[in-house]
Structure formats: C-alpha cells, structure tokens
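The values are calculated or read from the model by the stated rules, or taken from the named source; none is laboratory data. Everything numeric in this text was worked out from a predicted model, so none of it was measured. Here the Cβ positions follow ideal geometry from the backbone for every residue, glycine too, while neighbour counts run over all protein chains shown. Surface areas here come from the heavy atoms of the whole protein model, side chains and all, with no ligands, DNA or RNA. Shrake-Rupley method; radii C 1.70, N 1.55, O 1.52, S 1.80 Å.
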Amino acid sequence: MVKSQDIVVDLFRKIWALLTAPLGKMRRRDDERRAMVVAAFFLFSTLSVAIEQMMAGNTPRLTLWILIGGYLLARTHWYKFATIVLIVALTFPSYLAVIKLPNPEPNRVISALVWVIVPLLLSSLIFSVRTTIIIQTANIAALLALPFLHPALSFRILGGPLGFFILTSLVILIVMIEKIKLEDIRQTELRRSQEQFYKVFHTSPDAISISELENGRIIDINKSFSNMLGYTPSECVGRTSIELNMYVNPANRFEMVRLLKEHSEINGYEFRLRHKDGTQFIANASVSPLELEGKECLIWMARDVTVQRQNETALKNSENLFRLAFHSSPLPYCITLLKDGRYVDVNDAYLQMTGYAREQVIGHTTLDLKQWETDDQRVAFANSLQATGQIRNLEGDILTKSGEIRNLIVNYDLLSINNAPHVLSLFFDITDRKRDERLIQKRASEFEALYQTAQVFSRQVDSPSLFAEIAERARILANADNGFLFLFIAQSKELEYKVSTLIPVQGQRLQLGEGMAGLVAQNLQPMNIENYPLQIQTPSIFNAWPVAACLEVPMLFNGELVGVLGVENFLPNKNIFSDDDLQLMSLLAAQAAAAVSNQNYLDQIRQKSTELENRMAELEASNSEMERFAYTVSHDLRSPLVTIKGFLGSLNKDILNNRHDRVQDDLGRIANATDKMDALLSDLLELSRVGRIINPPEAIDLIQITHDVVESLDARLHAKDIALSIAPNLPIVFGDKTRIREVMQNLIDNAAKYSGGQSKITIEIGARLLDNESIIFVKDNGMGIETQYQDRIFNLFEKLNANAEGTGIGLALVKRIVEIHGGKVWVESEGLGKGSTFCFTLPGGKAA
C-alpha cells in the first residue's frame, strides 16, 4: 500500500522538475544540471525580489523583470549568459541601494549588500575559479569605490561589509578549490574506471557495443562483437544496427529502447540476429543506459545462445521423451530423492505393482511405505549408490499395499534434477519366475524323493517294514502330522488299518463306505477334506484324535484296489493340503501299491520257500531218524530174537537130556522175549501212526485230561505212594485230544517209573507264563538227568537205565506229538538225584 507522504514527495519532485528542468535537450548532462541550478536561483531570486517589492519596494521593478527574463533564459542552453544577467541583476541594484541610503549605517549597508553574496555562490557553481575570482575582485573594487560615490559612506562604515564579503569570498574560493581537487580525483577514478571498462569491454567473451540511444549509431564494439557478427570495427562504428541489417526483426531494437526507458535496464532479452554472411542465430542481450560525452547512449551486451537453446530444446525433447517413456513404460519406474528416499514421481506400472494410489506415494518416503526395514539400511544403500553411480541386477523384495511380497530385480541410476541427487529405479517383477523356479525345484525334489522312495521300497525285506516306510514317506512328502495305511482284504471286502506314524491303532477294520478311507476305497477316488470333523463321520476308534485336515488316495495296482494311503494334520496346526499334495500323494500311492503287491508276491514266495525248507528239514530229520530207527530196530529187535534162538537151543538140549525142570524156565524166557518184541512192535506201530492219522483239532481242557490220565495210572501211583499235585491254572489248548492225552500219560508214567528210590516221591503238574507263551510242565523229585543226556533221551529207544521197564519209545513219541502240534518239548534238570522237569508248549494257551 502506497503511503501518503510518498505521494506528496513524488508530487513535489515532479513540480520541481517542471519548474527547473531545461526547456530543451542539452548537449551534456552537466549543462542540464547547471541550467537547473541557475533556473532555481532565478526562481528563488524572483520570488524574493517580488516579496521585497511588496514589503519594502527598495528593489527597482526593472530588476524583477530582468530576473523573470533570466529565469526563462536559464532553462535553455544560454544558461551561462542568464547567470551573468542574474549576477548583474542582483549586484547592481544592491550597490545602487547602498548609494541611495540617506543615512548609511553598517547594518543597513550589510543588509543592502547581502544579495551580492548570491551571485558569488552562483558563479562558484557555474563558472570556473578564475571567473569567480574576477567577479569577487570586481565586487571588492566596487565596495572600495563606494566612499567616492557617496560622501556619507566612510571606510569605517564599509569595514564590516568589506570584511564579511572578503571572508565569504575566501570560503567560496576554498570550497571551489576543494571541489576542483575532488573533481580531479573523480576524473582520475573515472579514467581508471574507463580503462578497466575498456579492458573488460575488449576482453569480454560477450559481444558488447556502445551506441547512441536516439538513433542507434554505433560508437564502439569489442572483439567478441566482431567474432559474433562478422563485422570489423571500421565496418560498424558510425553506422546504425538498422543500416547493418543486424536484426532479423528490426522491431526488436525499438522494443529494447522502449523497455529500457520503462525499466532503466534490460536483462535476458532474446531475439534473432543476422551474421554478416546472412546466417541467423539467437542472441541473449542485456542493455543498460550510458552517458558518454554528454550523450545518452546504451551499452549492449549479447551472447550467441543458439547452441544452448538447441541443447535446451533437445534436452526438453529428451525430457519429454523420457517422461513419455517413463509414464507409458510397462515396467515399473520410480524417482526418489537420494537424501531421504522421498518419492518424486512414479509411473502407472509402479502403482499397479504396489497397489497404491499416486497421492499415497508422491511426497512420502520409502520408509513410510515400508520398503526398508530401517533407515540405516536405506542410508547404506544411498552411500553405495553415490559411490558407484549405478547398481545393476540387485535382487530384493517389495511390500505391496495389500501386504503381498513381490520378488524383484532392480536397476538403480543416480541422476541430478535441479542440482539435487535423485535415484531412478527400474523394477523387473520376477515373482512368477521365482514361483516357477520354486515349483520346478519342488517338483524336482518331489520326483527325487519319489525315486528315493522307490529305492527304499525295493530294499524292504518284510511287510511291516514296508508298511511303516510307506506311511513315513507319505508324512514327510506332505509335511503332515501323521501318515497311515489301510490294506484292502479282498475276501471280506474290508479295509484293515495296518500302520500309522503316530496313532497307536492297528488291526482295526472298516467296511467299504465307512469313514473317509471306506469312501475312498468304495469310489476309487482321492479325497481332500479341509474341515474333517464337519464333513466326515469318524469311526469310533479314531474319535480321540483331533483331526483338522485329511488327504487320502486309493492305492491301485493294475486297476485293482490294494489299499488306501492317507495323511492328516491335527489341531491347532489346521494346515490344509493343496492340489500339489494330492498329486504327489497319488504318485506315491501308485508306487506304494506296486511295492505292496510285489511284497505280497515275495511273501508268498518266501512262505513257499520256508515251507519247502521246512519240508526238506523234516525230510532230512525223517531220514536221519529213519537211519537211527533202522539201526535201533535192527539192534533192539535182534536182541529178543537172539534170546529166543538161544533159549530154543537150551530147550532142545533140556528136552534131549530130559531136564524137564528147566524146560518150563526156558519156555518162560522165550515167552518174555516174545512179549518184549510184541511190545516193541506195538510202540513202533504207534510211533509210525503219529503225523499220519490226526483227529480234527479241538479245544482241550488240560485239567480234565490230566485227571483222566492220573485215574488210569492210579494203581502204579498208589503202589509207590506218590504224592501228586495238579495246578488249577492249566490252560485250554487246541489239538488232537487223543494224542495230547498220550503226551500227558507218557510224561506222568515216566515220572513215576524213574522215581530213583526216593522215600517220598512227588510229582507236580502245572503251567507257567514266559514271553506271552504258556508252558506246561511235569516235575518230579526222582533220579534226575545229567546234562549230556538231556537231548538224547528224546531219541528213539534211548533209555538211561537199560533194566528199566519200557521200550524207550515213549519220550520220542511225546516229542513227535508236540512238534506235530507246532510246539516244542525239553527237559530241565540239575543232575543226578535232583529230579527232572519235562516242559512242552502247545497252541492256544488260554486259561481254563
């Protein structure tokens, strides 16, 4: 807002310029200033004389008219003549007034002569020192002449005015002399400044010319001007720019003059100039006013900016192309400040990649958008980029607005925008490629795992190990909590739960359609359940397990169902299985089905081989036993025959010798040998029947069998006063009841026969449990058996006491019966006199 006092001051200046400025143009600026000073003196003098005329009337009216005429003359180039007129107009009336004083006094004389001082001051401003001294001398001479012109004026009366005038004149002269010295100093500085100016003028790389403001006539040019326009100084000086046809558009020169008058100087004015050879170029000029030898001139400085503008245009075009490429590129770009990571610009591809809107990015920093975890990481990156200028193929991740992590390869370039370092970032989204690589690696590892699994399956030597390995491999490949396996039983159309890596449930069976495994087996289609408890009615045997997700696939071999392979996750994991898991499990199930089928074939082959080996072993044992039997029979059957033959000879001799007393004895011995042979043949026949004639197996209560045997042996047991103990825990077994009765009878009868002469004979019949197997035993306190004979006694015709009754086939018969039933028999004894315990095992073993 313009202040009122500024308006008043500006108005006063305009009025003052209107009253004192010359009426026409002066040749020099100093003449204009001097003319204005003279006009001001005339103006004040005129006003003062006019006031004095009105107040006192001492000054002649002619003086007033002379002052008015001098004022008008002072505003022209005749200002010096007007100054002389003013001096005369002010001086002569003063002396005339003094001469006319009727009663002159010093004060009145000084008052009348005071106007003489004004011409002195005016002459010191307008004229030289010499002219001023002449005027002052003339005034002093006039003062000294006054007493001769007016008798009343004495030198005593004029002493004061004369002293004042001389003192004033000296002060004025001293001031003029100092002014001249200052002017000399100013001129010296001006010459030095001009020398510096011309030095700069001629050495400046910018083209400079000095020309008259009014007509544009060139006064001087420098070397750069000649180089830029092709003109020599002699070709330019004295001619105008219009004559030289410098301006492509001559109006530019008049436009510069107009702007110069309005703004006092011009900077950065651009226009087109024409070289001497006719070529055109762009000039950037600065123009300032300059007074030179009283003339208004202008100094014109310019430089050829054609290349610069071309470069700027090219740069602008390049920037436009960059901006177009930046914003239309399908690849994400962003520009950030290096110092703080603040976003300056991003393209649409970057916004699409990150999910942000433009206003959510521009002005924010990379830390705001969580593209760096810490500012230290960003600073380290900025330092590295500043050191190298660029970073290529840097792998990293970017966090999108939705929280998704995208894998990237980024190229960074350092660039300067408005003298500030910025970072241009170019992103290559390799998320899909990384996912594909991970998928390929996963597939490779899965196929490697399947290959290794096939190798592992091929090395399994038994079915339980194979089943456990299948379940474990399924758990590992699916990264599950549990892996399990059901096998299909074709005869009953059921699924048997064979193995689990975690759940201790085995041997349970499911019907087709029952539970998830039953559905998979029934439909021969895989199932992947995410919320297992909500979709599947679980069989009661599995209710205790918090299954969350379950994947089960059928195991098919040659189109036939072999079983069901499954994996499951428990709460609170709640990890669901993917389609990839389903595909992988299907491949594993196919391998597992082939492995199980092969294992079944191998088991059958092993079973047949084992049966063949057992038959071979039995045959070898039978052959060995046959050899022993043949030897024994040939030995033991020969003994009764030898006895019979011998006693027949004795009988013949006794008949011939009429030894009738001995004939009866001989016949008795022959009868005994015959009975012995008959018993031996009966036992051999019985032994031969074991293994060939077997009654259908049935449950046998050993307690009942034992009581029956004891009852049949009651006579022998009472005869020897044997104490018999039968345990109540004898088990129920399965087998041929008649043969098992023979086993118990032989063992109890043997215990009674081989009592060893004990005073108190005891026989204990009982059972004990060892490794989940029932062992039946018959224990006595008889003669005992030495260690070296404990295996031999089960051989055919083996008797430790040759005189003991029996044929020696009983224990061999026991062994044959027990082994035919799948059991085993042995004897335990600490030696002679310490009793014996005969033990055997039979299938069944369930408590009675």
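Among residues of the range 391-403 that are touching a residue at least 12 places away in the same chain (Cβ under 8 Å), those with a beta-carbon under 9 Å from a residue that is among the aliphatic types (A, V, I, L, M) and open to solvent by 70 Å² or more (accessible area, probe 1.4 Å) at least six positions away or on a different chain give the pairs ILE398/ILE405; LEU399/ILE405. Taking the conditions (1) modelled with pLDDT under 85; (2) open to solvent by 40 Å² or more (accessible area, probe 1.4 Å); (3) not hydrophobic (A, V, I, L, M, F, W, C); (4) not in a loop (DSSP other than H, G, I, E, B) in turn, SER774 satisfies each one other than (2). Restricting the first member to the range 197-217 and to residues that are within 14 Å of GLY238 (Cα to Cα), and the second to residues that are in a helix (DSSP H, G or I) and open to solvent by less than 10 Å² (accessible area, probe 1.4 Å), the beta-carbon pairs closer than 6 Å and six or more apart or on different chains are SER209/PHE225. Cβ-Cβ distances below 7 Å connect the following pairs, each with a first residue in the range 320-331 that is without any contact (Cβ under 8 Å) to a residue 60 or more places away in the chain, a second residue that is part of a helix (DSSP H, G or I), and a separation of six or more residues or different chains: HIS327/ASP348; SER329/ALA349; PRO330/ALA349. The condition (being in a helix (DSSP H, G or I), exposed (fewer than 14 other Cβ atoms within 10 Å of the Cβ) and modelled with pLDDT under 75) is satisfied by just one residue among GLU189, GLU178: GLU178.
Within the range 134-147, the presence of a residue that is at pLDDT 75 or above, under 24 Å from SER286 (Cβ atoms) and open to solvent by less than 40 Å² (accessible area, probe 1.4 Å) is excluded.
Any residue at all in the range 349-361 that is at pLDDT 90 or above, open to solvent by 20 Å² or more (accessible area, probe 1.4 Å), more than 20 Å from GLU404 (Cβ to Cβ) and in a helix (DSSP H, G or I)? Checked against the condition, which is being at pLDDT 90 or above, open to solvent by 20 Å² or more (accessible area, probe 1.4 Å), more than 20 Å from GLU404 (Cβ to Cβ) and in a helix (DSSP H, G or I), the range 349-361 yields at least one hit. Applying the condition of being part of a helix (DSSP H, G or I) and free of Cβ contacts under 8 Å to residues at least 40 places away in the same chain to the range 118-133 and asking which residue is most open to solvent (accessible area, probe 1.4 Å) yields ARG130. Does LEU167 satisfy the condition of being within 30 Å of VAL118 (Cα to Cα), touching a Leu at 6+ places or on another chain (Cβ under 8 Å), outside any loop (DSSP other than H, G, I, E, B) and at pLDDT below 75? In short, no.
A single entry from GLU568, GLU613 fulfils the requirement of being among the acidic types (Asp, Glu), open to solvent by less than 80 Å² (accessible area, probe 1.4 Å) and either modelled with pLDDT of 75 or more or in a helix (DSSP H, G or I) (or both): GLU568.
Among the residues in the range 753-765, are any open to solvent by less than 20 Å² (accessible area, probe 1.4 Å), in contact (Cβ under 8 Å) with a residue 40 or more places away in the chain and not β-branched (Val, Ile, Thr)? Within the range 753-765 (the criterion being open to solvent by less than 20 Å² (accessible area, probe 1.4 Å), in contact (Cβ under 8 Å) with a residue 40 or more places away in the chain and not β-branched (Val, Ile, Thr)), the answer is no, since none of the residues qualifies. Condition (residue is part of a helix (DSSP H, G or I), open to solvent by 50 Å² or more (accessible area, probe 1.4 Å) and modelled with pLDDT under 75) applied to the range 582-592: is it met by at least one residue? Within the range 582-592 (the criterion being part of a helix (DSSP H, G or I), open to solvent by 50 Å² or more (accessible area, probe 1.4 Å) and modelled with pLDDT under 75), the answer is no, since none of the residues qualifies.
When you check GLN360 against the structure, is it polar (S, T, N, Q) and within 15 Å of the chain's Cα centre (by Cα), yes or no? So GLN360 fails the test. Please tell me if PHE127 is farther than 24 Å from LEU72 by Cβ, modelled with pLDDT under 75 and of a type in the set (Phe, Trp, Tyr). Taking the combined requirement at face value, the residue does not satisfy it. Kindly provide the set of residues from the range 362-398 that are of a type in the set (S, T, N, Q), open to solvent by 70 Å² or more (accessible area, probe 1.4 Å) and not in a helix (DSSP H, G or I), ordered by number. Matches in the range 362-398: GLN390, ASN393.
Looking at GLU243, GLU214, just one residue is among the acidic types (Asp, Glu), farther than 14 Å from CYS297 by Cβ and in a loop (DSSP other than H, G, I, E, B), and that residue is GLU243. Going residue by residue through the range 408-422, is there one that turns out to be over 24 Å from PHE322 (Cβ atoms) and surrounded by fewer than 16 Cβ atoms within 10 Å (Cβ to Cβ)? Among the residues of the range 408-422, not one is over 24 Å from PHE322 (Cβ atoms) and surrounded by fewer than 16 Cβ atoms within 10 Å (Cβ to Cβ), which makes the answer no. List the number of the failed condition for VAL743; all other conditions in (1) over 20 Å from ASP701 (Cα atoms); (2) in contact with a helix residue (DSSP H, G or I) (Cβ under 7 Å, 6 or more places away or on another chain) hold. Failed condition: (1). Looking for something assigned to a helix (DSSP H, G or I), at pLDDT below 90 and among the basic types (Lys, Arg) - is there at least one such residue anywhere in the range 484-500? There is no residue in the range 484-500 that is assigned to a helix (DSSP H, G or I), at pLDDT below 90 and among the basic types (Lys, Arg).
Exactly one residue out of TYR343, TYR333 is touching a Cys at 6+ places or on another chain (Cβ under 7 Å), at negative phi, modelled with pLDDT of 85 or more and crowded, with 17+ Cβ neighbours inside 10 Å: that is TYR343. Put simply, of ALA21, ALA82, ALA56 the only residue that is among the hydrophobic types (A, V, I, L, M, F, W, C), buried (at least 18 other Cβ atoms within 10 Å of the Cβ) and either out of contact with any Lys or Arg (no Cβ under 9 Å at 6 or more places or on another chain) or modelled with pLDDT of 75 or more (or both) is ALA82.
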